[in-house]
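The structure's right below; bear with me while I get my questions together.
The values are calculated or read from the model by the stated rules, or taken from the named source; none is laboratory data. A quick note: this is a predicted structure, and the numbers were derived from the prediction, not measured. Note that we place each Cβ from the backbone using ideal geometry, even for glycine, and neighbour counts take in every protein chain shown.
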Amino acid sequence: MARINLVERAALDEARREAFDQEIARVGSVTNMKGTILHSLPAHLAYHGSYLIKAELIKLLGKRAFNIYAHAISSASDCLLCSTYFRRALAAENVAPAEFQPNEEEQLLIDLGSKIGGRSMQLDEALWARLKQRYDDTAIVNLIGFGGTMVATNIFNSILEVDLDDSLLDPAQ
């Protein structure tokens, strides 16, 4: 059970109500995480900034590889909400994380995501060499930057025990 109640739109001040409405316009609903984080507009804005990095990574990697990366981080962080969210995103692309055979780039992203999600404070030389061989400095900064924001998201959801959204509970999906 969540430790913080979800916000009610009618009880929000104008700025948070606008952020609430922007979420609906962006994805069609306000997720439980957003309904929790909107208790604080500064917290919402800080976490929302990760979407800028996400957009860059999707351009670089494609949606499937991005979701594989984010799933690896969330799984290694033991975040039920985020790992379920990205497992659902992968299922929509016919990828079962426990069963699929990753290509070389996907395996690199899994290895990197697992290190970041597991809170590794440094990368071994072999993983670093694989990163440098495939990506330029900007891409690496975006990968690590997003990884940090994903871990922060995982911590937020886990510590506050944010409930899984109803859409993530549907066994048919």
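Please determine whether any residue of region 83-96 is more than 11 Å from the chain's Cα centre (by Cα), more than 23 Å from ASP111 (Cα to Cα) and among the β-branched types (Val, Ile, Thr).
No: region 83-96 contains no residue that is more than 11 Å from the chain's Cα centre (by Cα), more than 23 Å from ASP111 (Cα to Cα) and among the β-branched types (Val, Ile, Thr).
Where residues in region 27-59 are farther than 21 Å from ASP13 by Cα and of a type in the set (Val, Ile, Thr), which of them is modelled with the lowest pLDDT?
So, considering only residues that are farther than 21 Å from ASP13 by Cα and of a type in the set (Val, Ile, Thr), the one modelled with the lowest pLDDT is VAL27.
Search region 116-127 for residues being without any contact (Cβ under 8 Å) to a residue 24 or more places away in the chain and closer than 17 Å to GLY148 by Cα, and hand back the single one that is surrounded by the most Cβ atoms within 10 Å (Cβ to Cβ).
The qualifying residue surrounded by the most Cβ atoms within 10 Å (Cβ to Cβ) is LEU123.
Conditions (1) touching a helix residue (DSSP H, G or I) at 6+ places or on another chain (Cβ under 7 Å); (2) not aliphatic (A, V, I, L, M), marked per residue:
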site: ASP21; (1), (2): no, yes
site: ALA65; (1), (2): yes, no
site: ILE68; (1), (2): yes, no
site: TYR85; (1), (2): yes, yes
site: ASN103; (1), (2): no, yes
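When you check ASN142 against the structure, is it buried (at least 16 other Cβ atoms within 10 Å of the Cβ), under 20 Å from the mean Cα position of the chain (by Cα), at pLDDT 95 or above and under 24 Å from HIS39 (Cα atoms), yes or no?
no
Which condition number does ALA89 fail, the rest of (1) in contact with a helix residue (DSSP H, G or I) (Cβ under 8 Å, 6 or more places away or on another chain); (2) modelled with pLDDT of 95 or more; (3) in a helix (DSSP H, G or I); (4) not β-branched (Val, Ile, Thr) being met?
Tallying (1) in contact with a helix residue (DSSP H, G or I) (Cβ under 8 Å, 6 or more places away or on another chain); (2) modelled with pLDDT of 95 or more; (3) in a helix (DSSP H, G or I); (4) not β-branched (Val, Ile, Thr), ALA89 fails exactly one: (2).
Residues of region 1-47 being surrounded by 12 or more Cβ atoms within 10 Å (Cβ to Cβ) and closer than 15 Å to ILE155 by Cα, which ones?
Within region 1-47, ALA2, ILE4, ASN32, MET33, LYS34, THR36, ILE37, ALA43, HIS44, ALA46, TYR47 meet the criteria.
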